[in-house]
Amino acid sequence: MGDNGFITYQAGTDAERAFTDAVEDARYEYGNRGYTGTIAEKDDYTVVTTTPMPLNEATEYAERLLDVDDSRVSDKRGPAGAVPVLTGERTVEVIITTADAPAGGFEGSYEDAARAVLTARGLLAEGEEVAYGVTGSYQLHPITRRPYTGTMKVPLVNGPLEHTGWLFFGVAPC
(Lines give C-alpha, C1' and ligand atoms only; values in the text may rest on other atoms or scores of the structure.)
Protein backbone atom coordinates (compact mmCIF):
# COMPACT_ATOMS: atom_id res chain seq x y z
CA MET A 1 0.00 0.00 0.00
CA GLY A 2 1.39 3.37 -1.03
CA ASP A 3 0.25 6.91 -0.72
CA ASN A 4 -0.75 9.71 -3.04
CA GLY A 5 -0.84 13.49 -2.72
CA PHE A 6 -4.13 15.16 -3.54
CA ILE A 7 -5.39 18.73 -3.92
CA THR A 8 -9.09 19.50 -4.31
CA TYR A 9 -11.19 22.67 -4.27
CA GLN A 10 -14.67 22.76 -2.78
CA ALA A 11 -17.08 25.69 -2.92
CA GLY A 12 -18.64 26.89 0.33
CA THR A 13 -17.55 29.25 3.06
CA ASP A 14 -18.22 26.88 5.96
CA ALA A 15 -15.09 24.69 6.26
CA GLU A 16 -16.86 21.75 7.90
CA ARG A 17 -19.60 21.62 5.26
CA ALA A 18 -17.10 22.09 2.41
CA PHE A 19 -14.95 19.26 3.79
CA THR A 20 -17.94 16.94 4.09
CA ASP A 21 -19.02 17.80 0.53
CA ALA A 22 -15.49 17.24 -0.84
CA VAL A 23 -15.28 13.82 0.83
CA GLU A 24 -18.75 12.84 -0.42
CA ASP A 25 -17.90 13.99 -3.97
CA ALA A 26 -14.69 11.95 -3.96
CA ARG A 27 -16.49 8.87 -2.62
CA TYR A 28 -19.10 9.24 -5.33
CA GLU A 29 -16.40 9.56 -8.01
CA TYR A 30 -13.97 6.91 -6.71
CA GLY A 31 -16.27 4.64 -4.70
CA ASN A 32 -16.14 3.53 -1.07
CA ARG A 33 -13.60 0.79 -1.66
CA GLY A 34 -10.82 2.59 0.24
CA TYR A 35 -7.25 3.32 -0.78
CA THR A 36 -8.25 5.80 -3.47
CA GLY A 37 -5.43 8.26 -2.78
CA THR A 38 -8.01 11.06 -2.53
CA ILE A 39 -9.71 13.15 0.12
CA ALA A 40 -12.24 10.30 0.35
CA GLU A 41 -9.79 8.62 2.76
CA LYS A 42 -9.78 11.55 5.19
CA ASP A 43 -11.87 11.84 8.35
CA ASP A 44 -10.76 15.32 9.38
CA TYR A 45 -8.98 18.47 8.25
CA THR A 46 -6.82 21.15 9.81
CA VAL A 47 -6.81 24.78 8.71
CA VAL A 48 -3.15 25.51 7.93
CA THR A 49 -3.72 29.24 7.44
CA THR A 50 -6.68 31.48 8.13
CA THR A 51 -5.55 33.98 5.50
CA PRO A 52 -7.75 33.60 2.39
CA MET A 53 -5.89 33.62 -0.93
CA PRO A 54 -6.74 33.26 -4.63
CA LEU A 55 -7.04 29.67 -5.86
CA ASN A 56 -3.75 29.68 -7.79
CA GLU A 57 -1.83 30.96 -4.72
CA ALA A 58 -3.57 28.46 -2.45
CA THR A 59 -2.64 25.65 -4.85
CA GLU A 60 1.02 26.75 -4.93
CA TYR A 61 1.04 26.96 -1.12
CA ALA A 62 -0.46 23.46 -0.83
CA GLU A 63 2.08 22.07 -3.31
CA ARG A 64 4.96 23.60 -1.30
CA LEU A 65 3.67 22.06 1.93
CA LEU A 66 3.32 18.67 0.24
CA ASP A 67 6.79 18.94 -1.33
CA VAL A 68 8.46 19.57 2.04
CA ASP A 69 6.40 16.87 3.82
CA ASP A 70 4.90 19.36 6.25
CA SER A 71 3.87 17.31 9.30
CA ARG A 72 0.40 18.90 9.40
CA VAL A 73 -0.57 17.29 6.07
CA SER A 74 1.97 14.55 5.29
CA ASP A 75 0.49 11.72 7.40
CA LYS A 76 -1.65 9.53 5.16
CA ARG A 77 -3.79 8.63 8.19
CA GLY A 78 -3.86 12.23 9.50
CA PRO A 79 -6.02 15.21 8.61
CA ALA A 80 -6.17 17.00 5.27
CA GLY A 81 -4.90 20.56 5.14
CA ALA A 82 -7.35 23.38 4.42
CA VAL A 83 -6.85 26.88 3.03
CA PRO A 84 -9.65 29.45 2.55
CA VAL A 85 -9.93 30.47 -1.12
CA LEU A 86 -10.86 33.80 -2.67
CA THR A 87 -12.48 33.95 -6.09
CA GLY A 88 -14.26 36.51 -8.20
CA GLU A 89 -16.99 33.99 -8.91
CA ARG A 90 -20.35 33.71 -7.24
CA THR A 91 -23.88 32.56 -7.96
CA VAL A 92 -26.87 34.76 -7.21
CA GLU A 93 -30.53 33.89 -7.21
CA VAL A 94 -32.73 36.42 -8.98
CA ILE A 95 -36.52 36.53 -8.87
CA ILE A 96 -37.87 38.10 -12.04
CA THR A 97 -41.29 39.69 -11.90
CA THR A 98 -43.46 41.00 -14.68
CA ALA A 99 -42.26 44.48 -13.69
CA ASP A 100 -38.71 43.45 -14.70
CA ALA A 101 -39.61 41.94 -18.05
CA PRO A 102 -40.25 43.95 -21.20
CA ALA A 103 -43.75 43.59 -22.67
CA GLY A 104 -42.73 40.78 -25.05
CA GLY A 105 -40.23 39.11 -22.75
CA PHE A 106 -36.46 39.43 -22.83
CA GLU A 107 -34.49 39.38 -26.07
CA GLY A 108 -31.84 36.72 -26.53
CA SER A 109 -30.68 34.03 -24.13
CA TYR A 110 -31.37 33.38 -20.46
CA GLU A 111 -27.95 34.91 -19.77
CA ASP A 112 -29.07 38.08 -21.55
CA ALA A 113 -32.27 38.16 -19.47
CA ALA A 114 -30.31 37.70 -16.24
CA ARG A 115 -27.81 40.40 -17.25
CA ALA A 116 -30.63 42.86 -17.98
CA VAL A 117 -32.28 42.31 -14.57
CA LEU A 118 -29.01 42.37 -12.60
CA THR A 119 -27.90 45.55 -14.38
CA ALA A 120 -31.26 47.26 -13.82
CA ARG A 121 -31.12 46.39 -10.12
CA GLY A 122 -27.47 47.45 -9.75
CA LEU A 123 -26.41 43.98 -8.58
CA LEU A 124 -23.37 43.55 -10.85
CA ALA A 125 -20.05 44.71 -9.45
CA GLU A 126 -17.70 46.62 -11.73
CA GLY A 127 -16.25 44.22 -14.30
CA GLU A 128 -18.49 41.36 -13.19
CA GLU A 129 -20.12 39.35 -15.97
CA VAL A 130 -22.85 36.74 -16.28
CA ALA A 131 -21.31 33.36 -17.05
CA TYR A 132 -22.83 30.66 -19.21
CA GLY A 133 -25.09 28.26 -17.33
CA VAL A 134 -28.06 30.18 -15.94
CA THR A 135 -30.52 27.72 -14.43
CA GLY A 136 -33.87 27.99 -12.73
CA SER A 137 -37.54 27.92 -13.51
CA TYR A 138 -39.10 30.53 -15.74
CA GLN A 139 -42.46 31.29 -17.13
CA LEU A 140 -42.21 32.09 -20.80
CA HIS A 141 -44.10 34.85 -22.52
CA PRO A 142 -47.16 33.21 -24.10
CA ILE A 143 -46.47 34.63 -27.56
CA THR A 144 -42.70 35.23 -27.86
CA ARG A 145 -41.67 32.22 -25.69
CA ARG A 146 -38.90 34.33 -24.12
CA PRO A 147 -38.16 34.40 -20.36
CA TYR A 148 -40.79 36.53 -18.68
CA THR A 149 -41.03 35.75 -14.94
CA GLY A 150 -39.51 33.22 -12.55
CA THR A 151 -36.39 32.44 -10.58
CA MET A 152 -32.89 32.25 -12.04
CA LYS A 153 -29.65 31.05 -10.50
CA VAL A 154 -27.03 33.14 -12.22
CA PRO A 155 -23.29 32.33 -12.16
CA LEU A 156 -21.11 35.47 -12.20
CA VAL A 157 -17.39 35.82 -12.94
CA ASN A 158 -14.71 38.53 -12.78
CA GLY A 159 -16.14 40.12 -9.65
CA PRO A 160 -14.32 41.34 -6.57
CA LEU A 161 -12.43 38.64 -4.70
CA GLU A 162 -14.29 37.14 -1.77
CA HIS A 163 -14.04 33.95 0.28
CA THR A 164 -16.05 31.39 -1.66
CA GLY A 165 -14.47 28.02 -0.92
CA TRP A 166 -11.73 25.85 0.53
CA LEU A 167 -8.73 24.09 -0.92
CA PHE A 168 -8.15 20.72 0.76
CA PHE A 169 -4.91 18.81 0.30
CA GLY A 170 -2.79 16.12 1.83
CA VAL A 171 -1.56 12.59 1.46
CA ALA A 172 -3.89 9.59 1.36
CA PRO A 173 -3.37 5.84 1.10
CA CYS A 174 -3.71 4.24 -2.29
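The values are calculated or read from the model by the stated rules, or taken from the named source; none is laboratory data. Note that this is a predicted model, so its numbers are computed, not measured. Cβ atoms come from the backbone with ideal geometry, glycine included; neighbour counts cover every protein chain shown. Only protein heavy atoms, including side chains, enter the accessible area calculation; ligands, DNA and RNA are left aside. Shrake-Rupley method; radii C 1.70, N 1.55, O 1.52, S 1.80 Å.
Data overview
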| read-out | value |
| --- | --- |
| Extent along principal axes [Cα atoms of the range 1-72; Å; largest to smallest] | 34, 28, 19 |
| In Å, descending, principal axis extents of the Cα set of the range 89-153 | 34, 20, 18 |
| Rg followed by Dmax, in Å, when the range 121-174 is reduced to its Cα trace | 18.0, 59 |
| Per DSSP, loop GluC sites (Glu not before Pro) in the range 79-152 with at most 15 further Cβ within 10 Å | Glu107, Glu126 |
| FRET efficiency estimate (nearest 0.05) - Cβ-Cβ, Glu126 to Asp14, R0 41 angstrom | 0.90 |
| Residue-averaged [θ]222 nm for the chain, counting only DSSP H segments that reach four residues, each worth -39500 (n - 2.57) | -7500 deg cm²/dmol |
| Net charge, Asp75 excluded, C-beta distance under 15 Å - Lys, Arg +1, Asp, Glu -1 | -2 |
| Solvent exposure ordering (accessible area, 1.4 Å, most first) of Lys153, Lys42, Lys76 | Lys153, Lys76, Lys42 |
| Inter-label distance for Asp43 and Arg145, nm, one decimal - labels placed 7 Å from Cα along Cα-to-Cβ | 5.7 |
| Cβ-Cβ FRET estimate between Thr50 and Tyr28, R0 fixed at 22 Å, reported to 0.05 | 0.15 |
| Sum of side-chain charges, Thr13 neighbourhood, beta-carbon under 14 Å (Lys, Arg +1; Asp, Glu -1) | -3 |
| Equivalent ellipsoid, the range 38-174 (semi-axes from 5 times Cα gyration tensor eigenvalues, Å) | 43, 15, 10 |
| Using θ = phi - 60° and Karplus 6.51 cos²θ - 1.76 cosθ + 1.60, couplings along the range 77-88 (whole Hz; Gly, Pro as x) | 9, x, x, 7, x, 9, 10, x, 10, 9, 9, x |
